[in-house]
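A quick write-up on the structure given underneath.
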Amino acid sequence: MSAFRDFVQQRIGENGMKQMMRKWSGLGMVSFLCASFLAATVASGQAQKPTSKTYVLESARMFDGKSDSLVKPGLVVVTDGKIAGVGAGAAIPAGAEVIDFGDATLLPGFIDAHTHLTMMHSDDYKQSALDALQKTIAERALDASANARVTLMAGITTVRDVGSSDYLDVGLRNAIRDRVVPGPRMLVTVHALGAGGHCDDEDGFRAGLFGHESGPLDGVINGPEQARYAVRLDHKYGADMIKVCATGGVLSLTDDVDTPQLTQDELNAIVDEAHALRRKTAAHAHGAEGAKRAIRAGIDSIEHGTFLDDEALDMMKQRGTYLVPTLMASHGIQEQIDKGTYIPPPILAKAKAAIASVHQTFQKALAKGVKIGMGTDAAVYAHGRNTEEFFQMVDLGMKAIDALRAGTSADADLLGLADKIGTLEAGKLADVVAVPGDPVENIRQTEHVFFVMKEGVIYKNDRGTAAH
């Protein structure tokens, strides 16, 4: 402890140490350690600040996020955190730092439309349940910051985080926004809304254990008026979007995976209230009936969509509803099954049924021309493997260029951020990643991101050579 204190004091000074001790003295040792760690991290320069520096990024090729083919050569000019120009004709300002990546491809920063950064992945079901009860909020916040960093290093510069608790997602979003910790830009939901079961943090525990029954403040609603109230509470406490659980889930103990959990009137109220507040909506929906209720209500995306029927997919095509298939979730669970990891029997049965169906549903959606975004359900598998979703989509028949579009411009459209991110165009935020070789020829090159820039700040550069 003495050595740790000395380290922190060296970083923030004696006065800073005294102020921190006074501020945190009443909150216990864990909180003090968390605060000290974060302060030391910031002071040591790991939370990077924006710069007015101009960069010229060069590579053999470039995907601009919208075209049907790669551009050769690749060139992106970045000034003051924004893209100033792209392509061979872009003006190169005097004094710019040129970084040449050689045989590589520049792309827009990737977007993952379905993550849970404040949840830890674990192959030990029982230990994970115990950790959720025993870990302090401060410890979970530090875990979440580690998840955010590894996600950014994988090339994911923006995420939708679609389910959290204890306002951890709001705190993490704000810490990243304020450059206290490194991580992807976050759109958060505060609480996923449902009627119990999959969206209820108390699902699977005995009655009375937590001293109250879940209600709208916890995201659990009963009736249209409570539905509206829950949306307003999420909005009040910082939600950028509204997530609902329209059906049961795979990893919850007390519900069937495909049964609807909200009535049509409840979903109508949620979506209407969210859209009135200018918030996009997403529906966890494995089963067809629950998904169709959400689609009729005007939901912006269906998450998972495991058992969607032709009618549901046709409705999505007609209305422009996105499908976010989260193929990595099934992949992660299958890995656990293959390893013989303990999974409670009710969950195991649901998981096997979902895995058997999701690939066929994806292929039907692709054939019908349903809009498809890239989302992975990070936390069901280990954080940082997000870009493996690309090869999952390509293996099921999606063209590589379309898969790249799903994780860039399509997701930007889904998130309502197409004017800021998702393409390499002048005026957009400078979110740029680089991968070796040609990802259209080998989509798995996306799993080897070696350069990450977010809003003009370089967070990773394992290959580029600079010339002034």
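Descriptive notes on the structure:
- Accessible-area value, LYS317, 1.4 Å probe, nucleic acids and ligands omitted, Å²: 110
- Working note: Cα atoms of the range 115-209, range along each principal axis, descending, whole Å: 41, 26, 21.
- Most tightly packed first, judged by the mean number of other beta-carbon atoms within 10 Å of their residues, the peptides 285-294, 368-377 read 285-294, 368-377.
- Comparing HIS116, ALA329, GLN261 along the charge dipole axis of the chain, the residue lying farthest to the positive side is HIS116, per the Cβ-charge model.
- Ordering of 299-309, 146-156 by burial proxy (mean other Cβ atoms within 10 Å per residue, highest first): 299-309, 146-156
- Taking every Cα-Cα distance in the range 219-292 and sorting them into 5 Å bins from zero, the calculated P(r) comes out as 3, 18, 27, 24, 17, 9, 2 percent.
- Sorted into 10 angstrom bins from 0, the C-alpha pair distances of the range 226-357 split as 13, 40, 31, 14, 1 percent.
- Of all accessible heavy-atom area on the chain, the percent that carbon and sulfur account for (1.4 Å): 51
- In this structure ASP438 has an accessible area near 40 Å², from a 1.4 Å probe over the protein heavy atoms.
- Separation in nanometres of the label points that stand 7 Å from Cα toward Cβ, at LYS72 and ALA207: 6.9
- Antiparallel content of DSSP bridges confined to the chain, in %, to 5: 45
- Amide H within-cut-off set for GLU455, under 5 Å, with H built and near neighbours excluded: ALA430, ASP431, VAL432
- Rounded to 5, percent antiparallel among DSSP beta bridges of the range 55-186: 45
- In a simple Cβ point-charge model (Lys, Arg +1; Asp, Glu -1; nothing else charged), the chain has a dipole of about 1240 debye relative to its Cα centre.
- Here the Karplus curve 6.51 cos²θ - 1.76 cosθ + 1.60, taken at θ = phi - 60°, turns the phi angles of the range 95-102 into couplings of x, 5, 8, 9, 10, 9, 9, x Hz, with x standing for Gly and Pro.
- With Rh defined as the Kirkwood radius, the inverse of the mean 1/r over Cα pairs, the Rg/Rh of the range 281-437 is 0.98.
- Pairs exceeding 28 Å between alpha-carbon atoms, taken from LYS280/LYS364; LYS66/LYS368; LYS72/LYS460; LYS243/LYS454; LYS339/LYS460; LYS126/LYS339: LYS339/LYS460.
The values are calculated or read from the model by the stated rules, or taken from the named source; none is laboratory data. Computed from a predicted model, the values in this text were never measured in an experiment. Every residue, glycine among them, receives a Cβ derived from its backbone with ideal geometry; neighbour counts consider all protein chains shown. Side chains are part of the model used for accessible areas, which takes the heavy atoms of the whole protein and leaves out ligands, DNA and RNA. Shrake-Rupley method; radii C 1.70, N 1.55, O 1.52, S 1.80 Å.
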